[in-house]
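Worksheet for the structure shown next.
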Amino acid sequence: MNMQPNPPASTDVLIVGAGPSGLALANTLAKAGVSFVVLDKLAKGQNTSRAAVVHAHTLEVLEEIGVSQRFVEQGIRIDKFAIRDRDRCLVQLRFGALPSRHPYLLMLPQDRTEATLAEALEGSGHAVQRGWAVDAVEDLGEHVRVSATSSAGEQRTYLARYVVGADGMHSVVRKTAGIGFSGSSYEDSFVLADVEMDWSHGSDEVKLYFSPQGLVVVAPLAEGVFRIVATLEDAPEHPGLADVQALLDMRGPSTGFTRVSKVLWSSRFRLQHRVADAYRQGRLFLAGDAAHVHSPAGGQGMNTGLVDACVLGRILAEVISGRREESFLDEYQSMRRPAAVKVLKLAGRLTTMATLKHAPQRAMRNLLLSTVNCLPKMKRKFEMGLSGLDRREAAQLPAA
């Protein structure tokens with residue numbers, strides 16, 4: 001993306017970070033006519049794919065900034081999600097009958113999600129200021145002063161009415177605000193890989209496999225590619241074909257055939273299970289991974305951040321326009337932090353169930369999930385939780 005030649009020294013909102021949350025926030029502010037600047041230290045957007053699913057509730061919220069249909073056109077729609085203990089199906093969820101305009105899991109790699117949001121932003125006449133690292137953030141009461149340095153060594157100072165940290169788990173804004181990040185780290189590392197493979201088990205379902213060695217997720221993406229997610233102790237930094245094949249052989253189905261032919265991209269990362277103690281401190285706000293991080297089980301992280309961003313954008317627009325009092329800003333934390341806590345519990349439960357080591361515990365888990373599979377009301381509750389539709393109220397602004 002092209003950098004704006006002369007960005008303003010003063011703006012209503014300065015956004016630190018141009019990942020999915022930062023871009024969604026920028027689009028929301030652009031639609032509302034609020035002035036903003038987006039700074040990102042990367043010279044260009046991500047060309048790798050971490051998150052790979054966009055849920056029904058997220059697509060509903062993103063309709064407000066006009067990108068949902070663009071997402072749908074680029075992704076593939078899946079209406080089934082199954083949890084299996086190797087060859088045994090414990091529970092199968094179906095999203096086709098969800099009470100939503102988007103009754104499916106939309107499989108879309110994060111790099112396409114980010115690119116689509118960036119294109120929408122450019123279409124509204126705005127762009128990300130890339131190659132700018134934020135050095136200091138100072139809340140001076142009436143405004144916030146932000147100092148940044150470019151990759152070429154140029155320095156700039158911005159004055160903003162509000163600053164939003166959408167700058168990830170190691171957020172400079174969160175640390176500047178002195179906001180705690182309560183939680184802990186997972187013992188195992190996680191492996192992500194996008195692969196081409198011969199797979200006899202279909203491409204119409206996202207499959208989460210349990211095994212004594214740990215979990216593995218197989219999710220279909222577009223053009224015959226599959227996303228693999230797995231826990232692994234001491235994983236290599238960039239897992240190769242043999243690593244991914246071994247994970248599928250040990251944890252995936254024991255029948256049929258599975259042959260990985262090419263690894264398109266892979267990564268290892270260590271996850272934490274944390275939520276910010278506050279989402280706002282004075283004129284500083286947090287969104288996305290700066291506010292919450294957790295296991296990828298259930299594909300909730302990016303989705304929660306995208307909804308954070310759209311909600312915060314609408315709240316900021318209401319206050320900046322003068323339609324609401326400054327105190328209305330407190331609604332952001334009231335609405336979004338409980339939603340994140342709920343998501344952390346869901347992801348944590350799935351991860352705990354998937355990583356049980358002892359046979360009696362695994363047997364009880366399997367019995368529980370098999371029972372859920374026989375109870376339509378329990379299955380619907382599970383489907384509503386994964387799709388985010390049980391958190392709709394946390395995205396609806398209270399009436400004036």
(Q) Going through R336, R349, R380 one at a time, which residue ends up being basic (K, R), in contact (Cβ under 8 Å) with a residue 24 or more places away in the chain and part of a helix (DSSP H, G or I)? (A) R336
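Matching residues to (1) in a helix (DSSP H, G or I); (2) closer than 30 Å to K377 by Cα; (3) touching a helix residue (DSSP H, G or I) at 6+ places or on another chain (Cβ under 6 Å):
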{"site": "A97", "(1), (2), (3)": "no, yes, no"}
{"site": "S100", "(1), (2), (3)": "no, yes, yes"}
{"site": "R112", "(1), (2), (3)": "yes, no, yes"}
{"site": "A115", "(1), (2), (3)": "yes, no, no"}
{"site": "E138", "(1), (2), (3)": "no, no, no"}
{"site": "E142", "(1), (2), (3)": "no, no, no"}
{"site": "A148", "(1), (2), (3)": "no, no, no"}
{"site": "T157", "(1), (2), (3)": "no, no, no"}
{"site": "R161", "(1), (2), (3)": "no, no, no"}
**Q.** Leading residue by the ranking (nearest to A51 (Cα to Cα)) among those in region 233-244 that are buried (at least 20 other Cβ atoms within 10 Å of the Cβ) and not β-branched (V, I, T)
**A.** P239
Q. Out of all the residues in region 222-239, which are touching a Ser or Thr at 6+ places or on another chain (Cβ under 9 Å) and either over 20 Å from F257 (Cβ atoms) or at pLDDT below 90 (or both)?
A. G224, T231, L232, E233, D234, A235, P236, E237, H238, P239
Q. Quick one: in region 66-81, which of the residues that are of a type in the set (G, A, S) and in contact (Cβ under 8 Å) with a residue 40 or more places away in the chain is farthest from A297 (Cα to Cα)?
A. G66
Q. Out of S184, S151, which single residue is in contact with a His (Cβ under 8 Å, 6 or more places away or on another chain) and touching a residue at least 12 places away in the same chain (Cβ under 8 Å)?
A. S184
Q | One residue from R274, R270 being in contact with an Asp or Glu (Cβ under 9 Å, 6 or more places away or on another chain), under 26 Å from A347 (Cβ atoms) and either in a strand (DSSP E or B) or of a type in the set (G, A, S) (or both) | A | R270
Q) Going through region 212-240 one residue at a time, which ones are of a type in the set (D, E, K, R) and assigned to a strand (DSSP E or B)? A) R227
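Conditions (1) within 30 Å of L367 (Cβ to Cβ); (2) of a type in the set (S, T, N, Q); (3) within 18 Å of the chain's Cα centre (by Cα), marked per residue:
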| site | (1), (2), (3) |
| --- | --- |
| E73 | no, no, no |
| G96 | yes, no, no |
| S124 | no, yes, no |
| R130 | no, no, no |
| L140 | no, no, no |
| R145 | no, no, no |
Q. When you scan region 70-112, how many residues do you find that are in contact with a strand residue (DSSP E or B) (Cβ under 7 Å, 6 or more places away or on another chain) and closer than 26 Å to P20 by Cα?
A. 15
Q | Test result for S327, surrounded by fewer than 23 Cβ atoms within 10 Å (Cβ to Cβ) and touching a Gly at 6+ places or on another chain (Cβ under 9 Å) | A | no
Q.
Please pick out the residue among V216, V195 that is closer than 25 Å to A347 by Cα, buried (at least 21 other Cβ atoms within 10 Å of the Cβ) and without any contact (Cβ under 8 Å) to a residue 60 or more places away in the chain.
A. V216
Q.
Given the condition without any contact (Cβ under 8 Å) to a residue 60 or more places away in the chain and part of a helix (DSSP H, G or I), answer yes or no: does some residue in region 120-132 qualify?
A. yes
Q: Take L271 and decide whether it is within 16 Å of the chain's Cα centre (by Cα), hydrophobic (A, V, I, L, M, F, W, C) and modelled with pLDDT under 95.
A: yes
(Q) Being out of contact with any strand residue (DSSP E or B) (no Cβ under 8 Å at 6 or more places or on another chain) and buried (at least 19 other Cβ atoms within 10 Å of the Cβ) is the filter here; which residues of region 332-345 pass it? (A) M335, R336, A339
Q) Under the condition of being within 22 Å of G305 (Cβ to Cβ), touching a Lys or Arg at 6+ places or on another chain (Cβ under 9 Å) and of a type in the set (G, A, S), which residue from region 118-147 is surrounded by the most Cβ atoms within 10 Å (Cβ to Cβ)? A) A120
Q. Can you tell which of L286, L264 is surrounded by fewer than 19 Cβ atoms within 10 Å (Cβ to Cβ) and touching a residue at least 40 places away in the same chain (Cβ under 8 Å)?
A. L264
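The values are calculated or read from the model by the stated rules, or taken from the named source; none is laboratory data. Since we're looking at a predicted model, the values are computed, not measured. Glycine also receives a Cβ, built like all others from the backbone with ideal geometry; neighbour counts cover every protein chain displayed.
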